[in-house]
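The values are calculated or read from the model by the stated rules, or taken from the named source; none is laboratory data. These figures come from a predicted structure and were not determined experimentally. All Cβ positions, even for glycine, are placed from backbone atoms using ideal geometry, and neighbour counts span all protein chains on display. What goes into the accessible areas is simple: the full protein's heavy atoms, side chains included, and nothing from ligands, DNA or RNA. Shrake-Rupley method; radii C 1.70, N 1.55, O 1.52, S 1.80 Å.
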Amino acid sequence: RQHEAPRRVKRAWVIPPISVSENHKRIPHLLVQIKSDKQQPGGVIYSIKGPGVDEEPLGIFSIDKFSGKVFLNAMLDREEHDRYRLRAFALDLGGVTLEDPTDLEIIVVDQNDNRPLFRQDVFTGSVVEGAEPGTCVMTVDATDADDPDTDNAALRYSILEQGAAGMFSINATTGEICTARPGLDRETMGVYNLTVQAADMSGDGLTTTAMAVIYLEDINDNPPEFTKEEFSMEVEEQAAGVDVGKVFVHDKDLAGSPSWLAKFTILEGDPEGAFAIRTDPHTNDGVLSVVKPLDHEVRDRFELTVSVQNERPLEPSAPASPRALATVRVRVRDVNEAPAFRENPRRISVLEGTPPGTPITTYTASDPDTHQIQTLSYALLYDPADWLRLDPHSGTVRTKRELLHPSAFLQGGWYIALVLARDDAEPPLSATGTLSIEILEVNDHAPQLQPPAGVLCGRPGRGGTLLLGATDDDRPPHGAPFHFQLSPQHPQLARNWSIARFNVTHAVLAVLAELPEGPYSLPLLLRDSGTPPREQQQLLNVSVCHCGRDGACLDGALAAATAGAGITLGALMIILGSTILLLVLAALGAARGRGRRRALRKGLLQRSRDDMRDNILNYDEQGGGEEDQDAYDINQLRHPELFSPRAKPPLRRDAPLSSGTPMAPRKLPSSPSDIEDFINEGLEAADSDPSVPPYDTALIYDYEGSGSVASPLSSIVSSLTDEDQDYDYLSEWGPRFRRLADLYG
C-alpha cells in the first residue's frame, strides 16, 4: 500500500507562539500579522476566535480582517492567565474557507510584580529551656504568586531581629528555626519574639515580614527555698484540727506547674506526731496544723525542723544544691481546762437496806491545770430516787434514805446517778461523772403461799390432792427453790396430810385418810434458798368437799367450798351470821308468799274438781289443738301395762301416707324423778322417727275449736280433795318442772 505523503503547509499560514510581557502599557500593541496565499491581497477575510476574543475575558485581542494584523487591546496579568490559545480563519469574499484554521498561541511573560506572602502573621513554637544547639523549634513558610520557574518566585528567609542574645537561627531556603547556642533559661527569659523576612529574586527582590514567638517550656531546674531560716508560731493547748501558721517558700520554676509544687516534711521535734504540714496549692506555702491535743502542763514548747522539696525530682542538668531546711518554734499557750473523772463510770456495790447516812464512796475529779490554783466543787446532777447525799467539797457520797428492792429507778439491779465537778476559774468549766450503784440483794423476805386457800376432795387417791405455790419478793439467788412442809409444831397433821415437791416453786398437798367435809386450817412452814434462808409459818385454808364417783367435787359442794375458800375465821363468822339473817328474812317472805299461793290455789280447786283433759298435746308436731284426739295419751305414763309392744299404736294424722310403724313404747322408769330423762328420750325417738315429716316442713294444722274446755296446766293432778296435798315431788322432775315446783312445792 502506498503511503500518502504529508501535506505541505505553507509557512505563511503556520504561526509560531507569540510572547508578550504582562503589564504591557502600550495599547493597542501589534502582536503578529497572518497571511494566506490563496488569493490576492484584498480578496481574503481574516478572523480569530477563542479566550480573550469572543470568550471570557472579552476584548483583549482583535484582528484587522483585511490585513490579518492581531492587536493586544488590554494589559495582561500572568497570575490570572499565563497564556491564550486562539484559532485563526481565512475566508474569501464569498465566505468560502480558503485555509484550514490555524492555532495562535500567545504566552504572557512574567514580571516580578508580586511580593512574597507568609501563610500567617504570627508563628508560635516552644522549646524546653536548656535545649541543646541545633534543636529545631518551628518552620515559617511564605508563598509568591509570580512564576515559580523564575527568580521572581525564588524566596529566601532571614531573621531580622531576635534580641542581643542571638539564640536562634533560620534556614534561608526552608524557613526552619532552630536553637543556635546553649543557655536557654526560662527563669531569665521565658519568651522570644523573632522578626523573620521572606524575599524573592533569591533574596534580592521584593520582601515581606512576620513574627515568630517562641516559648520556653519549664523544667524542674530550680529547687524551692524557704524565705527565712526560722519561723515562730503559737497555739492554745487542747486544740486539735486547727492551723498554727505558715512557712513561706520561693521557687523560680513556673508557678502552678509540677516543677513548682512543693512538698514539706517534719524531720525532727515531733516524736508524738502531734503536728502535720501540708502545701497550700495556691501559694505553695507550708501550712502547719495540730492533729493531736497539746497539753501545756506536759510540754509548753516545740522546736520543729521542716524540709521542703518539689513534687517532681530535679532535672539532671540542674545545679546540685542541699535540701532546704527551716526551724519552726511553736509555743503552747495555757488555757483553763475542764476537770476530769479518772474513773468514769465509777461502779460500786451497796447492800439492800443500807441505813441512811452510810458513806458508800468518794467520787472525785482532778484538775489538769496544775500551774493554776483552782478549787473543785461537787454536786449531784441526777439522782432520780433522791437516795443520795453528796459532800460538795470532798465528793463523799452517802445514803439519804434506805435503798430497797424492788424500785422503778433500778435498771437490772443498778442505780444510776450523775455527779458534776466544777472548777472556780473564769469562766468555770465542769465535768460529769457517772456513778453506777449495784444494789445487792439481801434475803429479807420469806416466801408467801399463793394462793392461801384451796379445795380438794376428802378421799385419798384420785381427787385428794391440791397444788400449792409460793412467791418471794427477793431476787435470785434468795428465792426459789422453795421448801414446803407441815408445821413441825403440829406433828399430828402428818396422819392425814402429806406434802411432796412438784417443782422449784410448787408442791402437792395430798390427803392420807378419808376426811369429812368442811374447812380445815393447816399450818405450813415455807423456806427459801437464800443465804441465810428465810422461813415463815403460814396457814393454808383447805375446804374438803363431797366427792363424786370420779373423785371430783360435786357441783353444790364445790360451789359452797369455793365460796368459802381463802376466808379467814373472823370473816367466815361474819358471813355465817349474815347468811343466817338472810335465811330468816327469806323464810318470812316465803311463808307470806305461800299463804297467798294457797288462797289462790284454793280458789282454782273450787272452780273445777274434775280432770277435764287427761292428755298432753305434742305442740311440737303442730297438731289439731283442742279437738285433736290423736295426740299422745298420758295414760301411757300412768298405766304402762295397758300398752304392750304388741298393741297397735294410734296413727298420726299429720304423718305421711307411706309412713311406717313407729317404735314400740319404751319401758317406763321405776322412779318418777327420772321422768325428765324419759320425756327427753321420747322426744329424741320422735325426732329420729322416719314416719314423721321433718320439723322444718309444712305440717297439717287442725282446727282447735271455739273454746278450751280444759283446765289450766296448774290443775294437773289437782283433782284431789285434800287442799294440803304435797307437791314436793315436782322438784324431783328436773329443771323443766322447777316453775311448777316453786308454785306448788
* Asked: Given the structure, is VAL109 surrounded by 14 or more Cβ atoms within 10 Å (Cβ to Cβ) and under 60 Å from the mean Cα position of the chain (by Cα)?
  -> no
* To do: For GLY163, indicate whether it is under 30 Å from ARG115 (Cα atoms) and exposed (fewer than 14 other Cβ atoms within 10 Å of the Cβ).
  => yes
* To do: Report, by residue number, each residue of the stretch 132-180 that is under 30 Å from MET201 (Cβ atoms), part of a loop (DSSP other than H, G, I, E, B), touching a strand residue (DSSP E or B) at 6+ places or on another chain (Cβ under 9 Å) and polar (S, T, N, Q).
  => GLN162, ASN171, THR173, THR174
* Restricting attention to the stretch 467-492, report how many residues are buried (at least 20 other Cβ atoms within 10 Å of the Cβ) and either in contact with an Asp or Glu (Cβ under 7 Å, 6 or more places away or on another chain) or not assigned by the TED database to the domain that holds HIS506 (or both). => 5
* Which ranges mark the strands (runs of 3 or more DSSP E) fully within the stretch 319-363 that have 2 or more residues being without any contact (Cβ under 8 Å) to a residue 60 or more places away in the chain? -> 359-362
* **Single residue of the stretch 326-355 satisfying the filter (of a type in the set (Lys, Arg) and in contact with a Leu (Cβ under 9 Å, 6 or more places away or on another chain)) that is surrounded by the fewest Cβ atoms within 10 Å (Cβ to Cβ)** => ARG347
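Residue-wise test of (1) part of a strand (DSSP E or B); (2) crowded, with 19+ Cβ neighbours inside 10 Å; (3) modelled with pLDDT under 95.
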residue	(1), (2), (3)
GLY205	no, yes, yes
ILE214	yes, yes, yes
ASN220	no, yes, yes
PRO223	no, yes, yes
ALA240	no, no, yes
LEU254	no, yes, yes
SER257	no, no, yes
LYS263	yes, no, yes
PRO271	no, no, yes
* Go through the stretch 411-423 residue by residue and tally those that are modelled with pLDDT of 85 or more and outside any strand (DSSP E or B). => 1
* To do: Give the residue that is surrounded by the fewest Cβ atoms within 10 Å (Cβ to Cβ), with candidates limited to residues of the stretch 287-320 that are small (Gly, Ala, Ser) and more than 47 Å from the chain's Cα centre (by Cα).
  => ALA320
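When the residues of the stretch 181-203 are filtered to those that are assigned to a strand (DSSP E or B) and among the small types (Gly, Ala, Ser), which remaining residue is surrounded by the most Cβ atoms within 10 Å (Cβ to Cβ)?
My answer is ALA198.
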* Of all residues in the stretch 371-405 being under 46 Å from the mean Cα position of the chain (by Cα) and at pLDDT below 85, which is least open to solvent (accessible area, probe 1.4 Å)? -> LEU403
* Can we say LYS38 is out of contact with any Gly (no Cβ under 7 Å at 6 or more places or on another chain), at pLDDT 90 or above and more than 25 Å from ALA145 (Cβ to Cβ)? -> no
* Here are some conditions: (1) in contact with a strand residue (DSSP E or B) (Cβ under 9 Å, 6 or more places away or on another chain); (2) open to solvent by less than 20 Å² (accessible area, probe 1.4 Å); (3) on the phi < 0 side of the Ramachandran plot. ASN443 meets all but one. Which one does it not meet? -> (1)
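Every residue, every condition in (1) free of Cβ contacts under 8 Å to residues at least 12 places away in the same chain; (2) in a strand (DSSP E or B); (3) open to solvent by 70 Å² or more (accessible area, probe 1.4 Å), yes or no:
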site: SER67; (1), (2), (3): no, no, no
site: PHE71; (1), (2), (3): no, yes, no
site: ALA74; (1), (2), (3): no, no, no
site: ARG78; (1), (2), (3): no, no, no
site: ARG85; (1), (2), (3): no, yes, yes
site: PHE89; (1), (2), (3): no, yes, no
site: LEU104; (1), (2), (3): no, yes, no
site: ASP113; (1), (2), (3): no, no, no
* For GLY94, which of the numbered conditions (1) surrounded by fewer than 17 Cβ atoms within 10 Å (Cβ to Cβ); (2) not in a loop (DSSP other than H, G, I, E, B) fails to hold? -> (2)
* Asked: Quick check: anything in the stretch 116-132 open to solvent by less than 50 Å² (accessible area, probe 1.4 Å), out of contact with any helix residue (DSSP H, G or I) (no Cβ under 8 Å at 6 or more places or on another chain), without any contact (Cβ under 8 Å) to a residue 60 or more places away in the chain and assigned by the TED database to the domain that holds THR174?
  -> yes
* When the stretch 275-284 is examined, which residues are found to be buried (at least 17 other Cβ atoms within 10 Å of the Cβ) and in contact (Cβ under 8 Å) with a residue 24 or more places away in the chain? -> PHE275, ILE277, ASN284
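Out of everything in the stretch 50-65 that is among the β-branched types (Val, Ile, Thr) and assigned to a loop (DSSP other than H, G, I, E, B), what residue ends up being least open to solvent (accessible area, probe 1.4 Å)?
Per the criteria, the residue is ILE60.
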